[in-house]
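Data first, discussion second: the structure below is written as structure tokens.
The values are calculated or read from the model by the stated rules, or taken from the named source; none is laboratory data. Bear in mind the structure is a predicted one, so any value in this text is a computation, not a measurement. Glycine also receives a Cβ, built like all others from the backbone with ideal geometry; neighbour counts cover every protein chain displayed. For accessibility, only protein heavy atoms count, side chains too; no ligands or nucleic acids. Shrake-Rupley method; radii C 1.70, N 1.55, O 1.52, S 1.80 Å.
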Amino acid sequence: MLSRTADNLFWLSRYVERAEALARILEATQRLASLPVAYAGSSNEWESAVFTAGCDDGFFAKYEDATAETVIDYLVFEKENPSSIVSCFEVARHNARAVRTALTVEMWEAINGAWLELRRRQDRKLEGEELTRFLAWVKEIGLRFDGSGHRTMLRNDIYDFSRLGMLLERADNTARILDVKYHLLLPKETQVGGGLDYYQWSAILRAVSAVTSYHWVYRESLKPWLIADLLILNDQMPRSLAACYGDLVRHLDDLASGYGRQGPAQRIARSTRIKLENAEIKQVFQGGLHEFITAFIADNNRLGAAIAEQYLI
């Protein structure tokens, strides 16, 4: 496969996954912001959404305060923000068009339809039920694209590069959601385990569609260390870091087998996977959740750079 084609497939899936993740982050933020003051506390949930999305530098260069209106505008519509939902779908559609013949009909229709729908939208104001419906639509597009790929694509290098982009982005988003919750969302004066803590952890689980999974696995009330265990180390949870890296290793091994050689990408993915396999959540918290996630994000970025150098350039 041409490296340019692989690059388009990789980033197509990565940007679709990013758009869906932004919708999930905004949905969780909207839910937290709508809580009564007694539960919502004094933290700024909309500011935490900006940090979770990794858009804080660009956002605060344009706006002084993080409010519902400014955050929604920047994370949904702002074309100068390369990670906004509109930008993600535009770049995804550009990449999809470049590799149109490599995609199935269902995958193309999901992306092209989303792009056309956003072009028809003139009003940049979203609030209340309209925001809820819009975010649900964005998540539906992500599910349609991902499900179409899973159900209709040949299991070849086209499929492998498509999944690599999705899995890298998914792992990054799960890690950032956990990190921001633990260090930015909970006010310093609030006791961990209190009412505010409970509602915020619940919102995080809802952001990754894991409320039912949590209760099925642990059969306990919400506990931060068990939620972290589910989203970091549990292979059964498809959005966990461990599950993402199990699949990353598999797809990179498939590419190595098909192309007849391995490289840094395979070694980095396997090393990170082993770290996750050997980790225990008690040791993660003792060493610092923030430090663990920071190291993971650095490893994830190194893997992305290695994949780009090995296959996409």
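Find the helices (runs of 4 or more DSSP H) located wholly in region 238-313 whose residues include 1 or more that are among the aliphatic types (A, V, I, L, M) and within 19 Å of the chain's Cα centre (by Cα), and list them.
Correct list: 241-259, 264-278, 289-307.
Pairs are defined by a Cβ separation below 7 Å, a sequence spacing of at least 6 or placement on different chains, a first member in region 102-113 that is in a helix (DSSP H, G or I), and a second member that is small (Gly, Ala, Ser) and surrounded by fewer than 24 Cβ atoms within 10 Å (Cβ to Cβ); the pairs so defined are Glu106/Ser148; Met107/Ser148; Met107/Gly149; Ala110/Ser148. Open to solvent by less than 80 Å² (accessible area, probe 1.4 Å), under 28 Å from Thr29 (Cβ atoms) and within 13 Å of the chain's Cα centre (by Cα) - does that describe any residue in region 153-165? Yes, region 153-165 has at least one match. What number goes with the only condition from (1) under 21 Å from the mean Cα position of the chain (by Cα); (2) under 25 Å from Leu303 (Cβ atoms) that Arg31 does not pass? The one condition Arg31 does not meet is (2). For region 47-66, filtered to residues that are farther than 15 Å from Ile25 by Cβ and not in a helix (DSSP H, G or I), the residue that is least open to solvent (accessible area, probe 1.4 Å) is Tyr63. The residue of region 114-141 that is surrounded by the most Cβ atoms within 10 Å (Cβ to Cβ), among those that are charged (D, E, K, R) and part of a helix (DSSP H, G or I), is Lys139. Of Glu80, Glu69, Glu90, Glu17, all but one fail to be part of a helix (DSSP H, G or I), over 30 Å from Asn156 (Cβ atoms) and of a type outside the set (Lys, Arg); the exception is Glu69. For region 203-239, what are the residues that are open to solvent by 40 Å² or more (accessible area, probe 1.4 Å) and of a type in the set (Lys, Arg)? Selection gives Arg206, Arg219, Lys223.
Scanning region 71-97 for residues that are open to solvent by 20 Å² or more (accessible area, probe 1.4 Å) and in contact with an Asp or Glu (Cβ under 9 Å, 6 or more places away or on another chain) returns a single hit, Lys79.
Within region 199-225, the set of residues being at pLDDT below 85 and of a type in the set (D, E, K, R) comprises just one member, Arg206.
I'd like the full set of residues that are open to solvent by 20 Å² or more (accessible area, probe 1.4 Å) and touching a residue at least 24 places away in the same chain (Cβ under 8 Å), limited to region 281-291. Passing the criteria: Ile281, Lys282, Phe285, His290.
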